[in-house]
Amino acid sequence: MTELLLGQVIHFSGDPLRDGPEAAHHIAQGGVVVADGRIVALGEAAAMRATYPQAQVHDYGAGLISAGFIDAHVHYPQTAIIASWGKRLIDWLNAYTFPEEMRFGDPAYAAQVANTYLDLALDHGTTSMCSYCTIHSESVDAFFTAAEARGMRAFAGKTCMDRNAPEGLRDTPARAYDQSKALLEHWHNRARLSYVITPRFSPTSTPAQLEALGALWAEHPDCLMQTHLSEQVDEIAWVKGLFPEARDYLDTYEAFGLLGPNGLYGHAIHLEPREIDRLIEMDAALIHCPTSNTFIGSGLFDMAHLAPRLRVGLATDTGGGSNFSMLRTMAAAYEIAQLRHNPLHPAQLWWLATGASAKALRVGDRIGNIAAGMEADLIVLDLASTPVIAQRSARADSFWEALFPTIMMADDRAISSVWVNGRKLR
Ligand code: GUN
Ligand code: ZN
């Protein structure tokens with residue numbers, strides 16, 4: 001069946017972070033044609049109606065049709081401990097995160113949280129994400145099963161740790177390798193799912209475990225690898241103590257085969273010049289998690305200098321991040337950029353939450369934009385979802401000015417419809 005979504009449309013012909021806001025386009029009365037899970041065409045509403053007269057029409061009026069949001073770094077097992085008060089990274093992990101992650105050996109609990117999390121994500125317009133799971137294979141099975149049932153393009157992996165974590169949350173180098181490999185062989189490239197090799201961060205892995213996961217990545221270089229890098233100053237000092245031979249934090253990954261073009265490095269706030277140069281040379285991706293960085297008190301990501309030079313994705317980092325919404329996450333990215341005196345344009349913020357995150361995950365040709373041939377993961381937004389937003393938006397002189405109040409103030413009430421793989425889920 002061919003379907004035609006009518007409304008305002010936002011799409012991109014390039015990267016607004018490199019090419020400027022002109023790479024973003026707005027069609028005031030547009031149409032997006034969808035068939036068999038793919039986007040077939042986009043253009044003026046009248047032209048789309050005339051070319052596809054047999055299509056079933058979904059008229060969203062002034063609603064804004066966009067590619068679905070892509071959350072490039074999230075910990076779905078932390079869904080129930082979001083907004084835990086009063087700690088910085090290491091104490092926050094020990095006090096809140098590890099006790100909760102301990103529960104995911106129970107497949108029923110893992111399934112319950114995975115389903116709750118994915119429904120929350122879809123409610124907020126997030127149609128794809130790259131998630132950490134826990135040490136337990138059950139937590140990976142639960143997540144992928146729930147994502148597959150919803151038809152989602154989803155990325156995830158078993159979070160490996162073999163030191164500096166409590167009993168019950170530690171594996172070994174061999175178990176990390178064997179279980180990750182078994183999960184990879186079962187889930188990778190099944191339906192729209194991708195397995196991601198996932199050492200949590202170098203403080204919770206011995207060199208032997210990092211080496212084992214580096215070996216697994218070398219055997220499956222098409223897989224993504226995700227980890228954390230230079231999030232907080234105390235953490236970096238800890239890494240220095242644990243790896244006295246390392247030149248810097250990135251070197252603790254590089255030395256064990258965990259730096260590569262399919263690597264995703266979360267946070268990356270306090271980088272040394274050598275680290276930046278190596279990340280650029282390797283064409284690695286950084287994932288900016290702004291609500292987490294302010295919530296846990298980590299620091300201010302340097303978007304203006306990094307984004308033009310390497311791929312940067314945007315992420316909630318739930319539950320270190322304080323919100324499931326990529327709208328709120330864009331707002332936080334804007335605020336951090338303001339504190340660095342480099343404001344981001346609304347087109348750049350929207351790109352970060354869609355196309356840039358897709359490129360970080362190496363699926364920029366499939367999701368994250370509206371273009372013929374791409375997968376039909378689409379959302380429709382109400383740009384007047386509350387009276388205050390409606391009032392500000394009504395005074396706008398341009399589309400970008402009309403969109404910005406939704407970026408800064410809207411929540412899940414702004415998400416009017418969600419399409420995944422060409423199916424209307426909400
Ligand atoms: N570093 C290592 N693990 C984590 C985590 O779960 N959340 C955040 N924000 N940082 C981490
Ligand atoms: Zn994280």
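Every number in this text was worked out from the coordinates using simple rules, so none of it is lab data. The shown structure was predicted, so the numbers you read here are calculated from the model rather than taken from an experiment. A quick note on method: Cβ atoms are made from the backbone with ideal geometry, for glycine too, and the neighbour counts reach across all protein chains shown.
Worth pointing out:
- When GluC sites (Glu not before Pro) are flagged only if DSSP places them in a loop and at most 13 other Cβ atoms lie within 10 Å, the longest unflagged stretch of the chain comes out as 246-426.
- In order along the stretch 290-301, the Karplus-derived 3J(HN,Hα) couplings, from 6.51 cos²θ - 1.76 cosθ + 1.60 at θ = phi - 60°, round to x, 5, 5, 5, 7, 5, 8, x, 8, x, 10, 4 Hz, and Gly and Pro are given as x.
- Computed 3J(HN,Hα) for the stretch 333-338, one whole-Hz value per residue from the Karplus formula 6.51 cos²θ - 1.76 cosθ + 1.60 where θ = phi - 60°, is 5, 4, 5, 5, 5, 4, glycine and proline marked x.
- Placing +1 on the Cβ of every Lys and Arg and -1 on the Cβ of every Asp and Glu, with nothing else charged, gives the chain a dipole about its Cα centre of roughly 580 debye.
- Using alpha-carbon coordinates, inclination of helix 233-242 to the longest axis of the chain, degrees: 40
- Between W85 and E22, residue separation times 0.36 nm minus the direct Cα-Cα distance comes to 18.6 nm.
- Under a 5 Å amide H cut-off, with hydrogens placed 1.01 Å from N, N323 pairs with nothing among residues at least 5 apart or on other chains.
- Residue exposure sequence - W400, W85, W217, W351 - by fewest surrounding Cβ within 10 Å: W85, W400, W217, W351
- The amide H of L425, built 1.01 Å from its N in the peptide plane, has V418, W419, V420 as neighbours under 5 Å, considering only residues 5 or more places off or on other chains.
- Multiplying the residue separation of R163 and R309 by 0.36 nm and removing their Cα-Cα distance gives an extension gain of 49.1 nm.
- Here K359 is the anchor, and the lysines within straight C-alpha reach of less than 28 Å, apart from those fewer than 8 places off in the same chain, are K158, K181, K424.
- Interatomic Cα distance distribution for the stretch 283-426, bins of 10 angstrom, percent: 12, 38, 38, 12, 0
- Order of T97, T386 - criterion: other Cβ atoms within 10 Å of each residue's Cβ, fewest first: T386, T97
- Sum of side-chain charges, V388 neighbourhood, beta-carbon under 13 Å (Lys, Arg +1; Asp, Glu -1): +2
- Under 5 Å from the amide H of L381 lie the amide H atoms of L64, I65, S66, S416, each residue being 5 or more positions distant or on a separate chain, with H modelled from the backbone and absent for Pro and chain starts.
- Relative contact order of the stretch 306-426, defined on C-alpha pairs under 8 angstrom at six or more residues apart (%): 24
- Whole-angstrom gap from the stretch 127-205 to the stretch 31-65, using each part's C-alpha centre: 38
- Fraction of beta bridges assigned by DSSP in the chain that are antiparallel (%, nearest 5): 45
- Charged neighbours of R247, selected by a Cβ distance under 14 Å, balance to -4 (K, R count +1; D, E count -1).
- Sequence-distant contacts, meaning Cα pairs under 8 Å at least 6 residues apart, place the relative contact order of the chain at 19 percent.
- Neighbour-count order for S416, S180, fewest beta carbons within 10 angstrom listed first: S416, S180
- Dimensions in Å of the stretch 69-360 - Rg and Dmax from alpha carbons: 17.1, 47
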